[in-house]
Every structure is written in C-alpha cells, then in structure tokens.
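Just below is one structure, and these are the notes that go with it.
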Amino acid sequence: MSIVKVYSTPTCPYCIRLKEYLKQHNVVFENIDVSFDQKGLQEMIDASGQMGVPVVKIDSDIIIGFDQERIDEKLGL
Amino acid sequence: MFDLVIIGGGPAGVTAAIYAARKRIDFIMVTQDIGGQTAWSADVENYTGYQFITGAELVKKFEEHLKQFSVKLRENEDVVRIKKTTLGFLTETKKSTFESYSVLIASGRRPRLLNVPGEEAFKNRGVTYCATCDGPVFANKIVAVIGGGNSALDATLQLVNIAEKIYLVNVAPELTADAVMCQKAQSSQKVEILNKAVVKEIYGKQFVEGIKLDVDGVFRDMSLKGVFIEIGSTPNSDIIDFVVKDANGEIVVDQSNRTSALGIFAAGDVTNIPEKQIVVAAGEGAKAVLGIFRYLTTRS
C-alpha cells in the first residue's frame, strides 16, 4: 500500500476537497497542517519547490494541488 | 443532445441545477468545482438562514442539496468554448463536448492579475491570491497585501494574526474599503499603509525576496516573503464570443437572464447584474432556470 502524506491548511478549499476525496476512497493518509507545523511546511517547500497548498506525497511522488487525475493514476483509483 | 448545459458550480450554477432537476429538465452541469468563489470566502454572515457560516461549510450544504437529485455532473472540467451548431450549442471542455438546445453560463469570476514583472514567475512561490488558503504559510514573516478595497482589507486583517508585518500597498490616495475594516488595520501596529503606491516589480530567486514600489513618486525596495494580490476580480466570460458584454467583460443580461443570443442565458457574477453577493447569485440562478424552462417549452 502506498504511503500518502497531505500537506494542507485547515482553511483552503482545495485541501478540504482533496482530503474528502481521499476519505471517500478509503485512502489512509497522514495530514500535515502546515499552518502550525513549521518543520512540515519546510519539508513541503523543499519537496515541491513551491509554497502553495495542498501538496500530496504518494510514496516518492509529489503532486501539487488537487490533481484528481494524477492522484487516481498513482493510487489506482 | 441535452435540453440545457449549466456551466459553473457556484451559488448561481448550483441553484440553477436544483431548479432544473425539480423541473425535470434534461441537463448536465459542467464545472471546475462546487462552490466557486464561495469556497474561498472565510466567513459568510449574510446568507439567509445562516447567521454565521464559513464559506467551506456553505459549499458543503450546496453540495448536499445538489446531490439529493440524480444530477449529471462533470466536475474538474474547464469549459474552453461555446459554439453554435445547427440545432443549438456545443460546449467544449478540454476533455469532452456537450450539445444542447440552451446554455446557462454561470462561470463566475477569477482574481484580477496585477500584471507586473515577477507576478507569474513567483505564483505559489510567495505570490498568492488567497489569504484564507495560503496565509498560514507566512507565519512570522513580512508580507505585502496589494489593494485597498474590502478584499485587501479582509486579507490584511486575517494576516494580522499570522504575519510579523504587513505592508498594505494601495494605489489610490485613500483606502476604499468599509470604514470598520480600515480602522482595524490603521490601529494595528503590524500594518503599515502605503497610499499612492504602485508595484513595479516582484523579485527573488526561487521564492519572493521583495518588491519594488513607487510610493507617490519615491522609489522603495521592500524586503519581504509574501505578496497577497487582492485587487478585485474579472468575469470568466471569454468562453463565448457571440454575446454582448459590457466594458468590464461582463455578459449583459435582461431581467430574465437572457443574453443577446437566443438560447444562451447567464447568471451570477459573470453577468452585469449589480451586487456580487452569494445570495444574489443564487437567486439569479433560480430565475434563469425558470426562464429557460419557459424558453424550452415554447421554442418552435
């Protein structure tokens, strides 16, 4: 099973939609709230090369934004 | 061939879909997302029935109401063009096409760009258009908010609790936002208001490192990490080129939401109807579909 990490803030609409989407498909993920987790924020910036949320890490792949097609492809949804 | 294609999933589009479903119109809804600009609103305190609700929660309510009906819904699809056909219209997205006898354009608005060097290059690298989403990323950093209206002040007041310092860069001689918000910003020690200030450039390496300004004829170079652009919005009306639009690009509609092209209707913030409000857009969506129902049943 893939290891899925979501970097998000509590208030961004695409973060909310992304997390709901993963839950609907019974995908287990770790949510990193970058609004207070400074280490997590830096990890996200280093991995994605940008500061916009959400960012999804699926194993070693980084997906910026709620890109449903790429998420489906990586997770076989 | 559908009777109707509804473009957009904000308050106008969702309300239109609910009315269309109840009228048993054969339609499909094509949209990037459900909620539109409402999803980006932090707090909503003027939608009838809710004394207070967040934008995200209101969108959830919209979605639940919409999905009560078995609506044909295409999400995550951007409409690129509407064309005329022999029988009606063809709505094209990047992935598919939908033919219909009528179209309701409820495609809303998007943030207006500043159009200065560095804006595009540093998008999501310090430049952002959504304080609600990205504000928390700039904890204890120096940032600038560009604008002087309600959305700029709203962003500034959200950032007061997060950032170390906020430069409010306003092109006009005075702020144009509601007095209550201006007073709050003026009384905050974290906020420095720069009037008659024009952004010349956003610069940096991998991320934003500063902005260059002309403040009433004086050049200033400010070192900072975040630039929040809040200078209003522009209608998503470029998907159609055969209806009349006003000087701002808003689609001109009559009191029944008819455009200049027979069979094309429009509702919500993409139109020239005054007052861009969630409750107004919802009402316009309802009104449009009732008009479309009459159009479809009387069409020769």
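The values are calculated or read from the model by the stated rules, or taken from the named source; none is laboratory data. Keep in mind that what you see is a predicted model, and the values were worked out from it rather than measured. All Cβ positions, glycine included, derive from the backbone under ideal geometry; neighbour counts span all protein chains shown.
General observations
- Residues satisfying the stated conditions in segment B:246-256, i.e. over 16 Å from B:Ala281 (Cβ atoms) and in contact with a Ser or Thr (Cβ under 6 Å, 6 or more places away or on another chain): B:Gly249
- Subset tally (residues that are within 14 Å of chain A (Cβ to nearest Cβ), among the aliphatic types (A, V, I, L, M) and in contact with a strand residue (DSSP E or B) (Cβ under 9 Å, 6 or more places away or on another chain)) for segment B:136-156: 3
- In segment B:25-52, the residues that are hydrophobic (A, V, I, L, M, F, W, C) and more than 14 Å from every other protein chain (Cβ to nearest Cβ): B:Ile25, B:Phe27, B:Ile28, B:Met29, B:Val30, B:Phe52
- All of B:Val289, B:Val279 fail the test of being in contact with a Phe, Trp or Tyr (Cβ under 8 Å, 6 or more places away or on another chain), in the same structural domain as B:Glu77 (by TED's automatic domain parsing), surrounded by fewer than 22 Cβ atoms within 10 Å (Cβ to Cβ) and more than 15 Å from B:Ser107 (Cβ to Cβ), apart from B:Val279.
- If you go through segment A:38-51 and keep only what is more than 19 Å from B:Ala121 (Cβ to Cβ), within 10 Å of chain B (Cβ to nearest Cβ) and without any contact (Cβ under 8 Å) to a residue 12 or more places away in the chain, you end up with just A:Gln38.
- Residue list for segment B:133-191, restricted to those being β-branched (Val, Ile, Thr) and not in a loop (DSSP other than H, G, I, E, B): B:Val137, B:Ile142, B:Val143, B:Val145, B:Ile146, B:Thr156, B:Val160, B:Ile166, B:Val169, B:Val180, B:Val191
- Just one of the listed residues (B:Asp26, B:Asp78, B:Asp3, B:Asp33) is touching a strand residue (DSSP E or B) at 6+ places or on another chain (Cβ under 9 Å), farther than 23 Å from B:Val243 by Cα and not basic (Lys, Arg), and it is B:Asp26.
- Residue check, B:Lys276 at pLDDT 95 or above and either in contact with a Cys (Cβ under 7 Å, 6 or more places away or on another chain) or of a type in the set (Lys, Arg) (or both): no
- Just one of (1) modelled with pLDDT of 95 or more; (2) under 25 Å from B:Lys276 (Cβ atoms) fails for B:Thr85. It is (2).
- Cβ-Cβ distances below 8 Å connect no pair with a first residue in segment B:118-130 that is within 10 Å of A:Gly52 (Cα to Cα) and more than 10 Å from chain A (Cβ to nearest Cβ), a second residue that is in a loop (DSSP other than H, G, I, E, B) and modelled with pLDDT under 95, and a separation of six or more residues or different chains.
- Single residue of B:Ser70, B:Ser107 found to be among the polar types (S, T, N, Q), more than 14 Å from chain A (Cβ to nearest Cβ), outside any strand (DSSP E or B) and touching a Ser or Thr at 6+ places or on another chain (Cβ under 9 Å): B:Ser107
- Count of segment A:54-77 residues which are surrounded by fewer than 19 Cβ atoms within 10 Å (Cβ to Cβ), within 11 Å of chain B (Cβ to nearest Cβ) and of a type outside the set (S, T, N, Q): 5
- If you go through segment A:1-24 and pick out every residue that is among the polar types (S, T, N, Q), surrounded by fewer than 19 Cβ atoms within 10 Å (Cβ to Cβ) and either in contact with a helix residue (DSSP H, G or I) (Cβ under 9 Å, 6 or more places away or on another chain) or within 11 Å of another protein chain (Cβ to nearest Cβ) (or both), you end up with 1.
- Selection status of B:Gly204, within 14 Å of another protein chain (Cβ to nearest Cβ) and either within 25 Å of the chain's Cα centre (by Cα) or not basic (Lys, Arg) (or both): yes
- Condition broken by B:Ala185, with the remaining ones in (1) within 24 Å of B:Trp40 (Cα to Cα); (2) in contact with a Gly (Cβ under 9 Å, 6 or more places away or on another chain); (3) buried (at least 18 other Cβ atoms within 10 Å of the Cβ); (4) not assigned by TED's automatic domain parsing to the domain that holds B:Trp40 satisfied: (2)
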